[in-house]
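Since every read-out is calculated from the coordinates, none of them should be taken as a lab result. Everything quoted here is computed from the prediction, not taken from an experiment. Note that each Cβ is placed from the backbone with ideal geometry, even for glycine, and that neighbours are counted across all protein chains shown.
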Amino acid sequence: MTLTHPNPSLDALIGIPFTHERVLITTGIRSGLVITVAVHSTRLGQALGGARMWQYENWTDAVADALRLSAAMTLKNAAAGLHLGGGKSVIHLPLDTELTDAERRDAMLDLGDAIESLHGAYMTAEDVGTNAELMAVVKERTDHVCGLPVASGGVGEPAEATAAGVYASIVATLEALFGSREVAGRHLVIAGLGQVGGRLATRLAAAGARLTVSDVNLARQDFAAELGATWVPVDGVHHVPADLFVPCGLGGVLNARVIGELNVLGVVGAANNQLAQPEGAAQLDARGILWAPDFVVNAGGVIYLALASEPNADLDAVAARVEAIGDVVTQIFTDARGLGITTLAAAERLAAARLDAAR
Ligand SMILES: NC(=O)c1ccc[n+]([C@@H]2O[C@H](COP(=O)([O-])OP(=O)(O)OC[C@H]3O[C@@H](n4cnc5c(N)ncnc54)[C@H](O)[C@@H]3O)[C@@H](O)[C@H]2O)c1
């Protein structure tokens, strides 16, 4: 029998072509949760990407997220010059699920078993909804995990390194826009004051930047006041006239409406998958807004996890690699200008060249 009318909904849900090497979708025997481990590419080495545990309406949404995020990890790791491929794992929490500590532990043991069954094709680490302590539980079932707590002999959380890479990218973007790397006196609008955004805001305030900040978590207002930053509500944050908009919350923030309403010269932030649609890169370009591609800007965490976890790691050398993200951002701006392409296309070109060289 020929299937003449394939259901197009899975394609529409994922939104990107299926180019993955291997995808494991399994129901955890302890937790009963649907776990997806997506290995997008091992061309440059073992696939590395975090484990996300998050609420989604349907398990298929979680699978789609794993497919998108793992493909982005291939680009991120390649653009960062790491000898690592791209992968991601996503644990689906049905809406309104609150896990107990015991249930969370079961989910991590199930994740460890799923990863172990891939025989080293994929290495995990913490991501949204997980942390270094939970990675220590994964370690009970597999060695293919990094970012364990320092107390367990691991390298800890990567947020400091991610913030350092975003800071270097901000300086590179200011230089491209104003011909000066000076942060003092520049006005930056930060949306999201979490692990990364909070550290970044502290550093920028210390360097003399003028900050406007926002977070869905209103408890962060006290922190904003300590920094001397101006607090604005979340729904108005992208309207604020400033030099740079710095998204550090969840992804998808740059949709067509938001891009149309931005009142800045550049966008540089930690958030993953900032563009709601890839066309957003051209829209930003057409508005004369310089966008530093997220997967280049926020690679500090993965660079830290990968290189600091190596035996006898030289932490000064790791910090220098994170700092060099600024040079990659400058290169992408130069390529984009020279070739008349978007910064997204220039960053994808850089990653593709590294992947092609490994063929
Ligand atoms: N932690 C890392 O090392 C790392 C590495 C690479 C990428 N990222 C990405 O950076 C972003 C931030 O990561 P994090 O570790 O700081 O996460 P986090 O959960 O600690 O912080 C996110 C913050 O953003 C806030 N937030 C959520 N939605 C918001 C919105 N619409 N407007 C304003 N604030 C909002 C949350 O309340 C929270 O305070 C995420 O997109 C993450 O995927 C993080």
Check: So what J values fall out for the stretch 237-250 if you push phi through Karplus, 6.51 cos²θ - 1.76 cosθ + 1.60 with θ = phi - 60°, rounded to Hz, Gly and Pro as x?
Finding: 5, 7, 7, 5, x, 6, 6, 10, 9, 10, x, 10, x, 8
Notebook entry, point to check: Which one of 74, 102, 58 is farthest out on the positive end of the charge dipole of the stretch 35-107, using unit charges on Cβ (Lys, Arg +1; Asp, Glu -1) and the Cα centre as origin?
Noted result: 74
Check: Amide H to amide H under 5 Å from residue 252: which residues, 5+ apart in sequence or cross-chain, H placed 1.01 Å off N in plane?
Finding: 274, 275
Note to self: Using only the alpha carbons of the stretch 159-357, what is the convex hull's orientation-averaged projected area in square nanometres?
What the structure shows: 11.4 nm²
Item checked: Most positive-pole-ward Cα, 240, 292, 202, against dipole of the chain from beta carbon charges -> 292
Check: Could you give the dipole magnitude of the chain about its Cα centre, charging the beta-carbon of Lys and Arg +1 and that of Asp and Glu -1, in debye to the nearest 20?
Finding: 720 debye
Next item on the list: About the Cα centre of the stretch 154-240, how large is the charge dipole given +1 on each Lys and Arg Cβ and -1 on each Asp and Glu Cβ? Please answer in debye to the nearest 20.
Entry: 200 debye
Checklist line | Long-range amide H partners of residue 126 with built H, under 5 Å | finding: 51
Check: So who's got an amide H within less than 5 Å of the one on residue 40, skipping anything under 5 residues away but keeping other chains? H placed 1.01 Å off N, in plane.
Finding: 21, 86, 87, 88
Check: Can you run phi through the Karplus equation (6.51, -1.76, 1.60; θ = phi - 60°) for the stretch 115-122 and list ³J(HN,Hα) in whole Hz, with x for Gly and Pro?
Finding: 5, 4, 5, 8, 6, x, 5, 9
Next item on the list: Among 224, 256, 266, pick out the residue whose Cα is farthest towards the positive end of the charge dipole of the stretch 217-315, where Lys and Arg carry +1 and Asp and Glu carry -1 on C-beta, about the Cα centre.
Entry: 256
Notebook entry, point to check: Regarding the stretch 1-145, what are the three Cα extents along the principal axes, ordered largest first, in Å?
Noted result: 47, 38, 26
Next item on the list: Could you work out the relative contact order of the chain, using alpha carbon pairs under 8 angstrom and six or more residues apart, expressed as a whole percent?
Entry: 15 percent
Next item on the list: For the stretch 277-333, give the magnitude of the charge dipole about the Cα centre (Cβ charges: +1 Lys/Arg, -1 Asp/Glu; no others), in debye to the nearest 20.
Entry: 160 debye
Next item on the list: List, largest first, the extents of the alpha carbons of the chain along their principal axes, each in whole Å.
Entry: 57, 53, 43
Margin query: If the elastic network links every pair of Cα atoms under 10 Å, which of 170, 115, 25 fluctuates the most in the Gaussian network model of the chain?
Written below: 25
Notebook entry, point to check: If you plug each phi of the stretch 136-150 into the Karplus form 6.51 cos²θ - 1.76 cosθ + 1.60 with θ = phi - 60°, what whole-Hz ³J(HN,Hα) values come out, in order, with x for Gly and Pro?
Noted result: 5, 6, 4, 4, 5, 10, 7, 8, 8, 8, 9, x, 6, x, 4
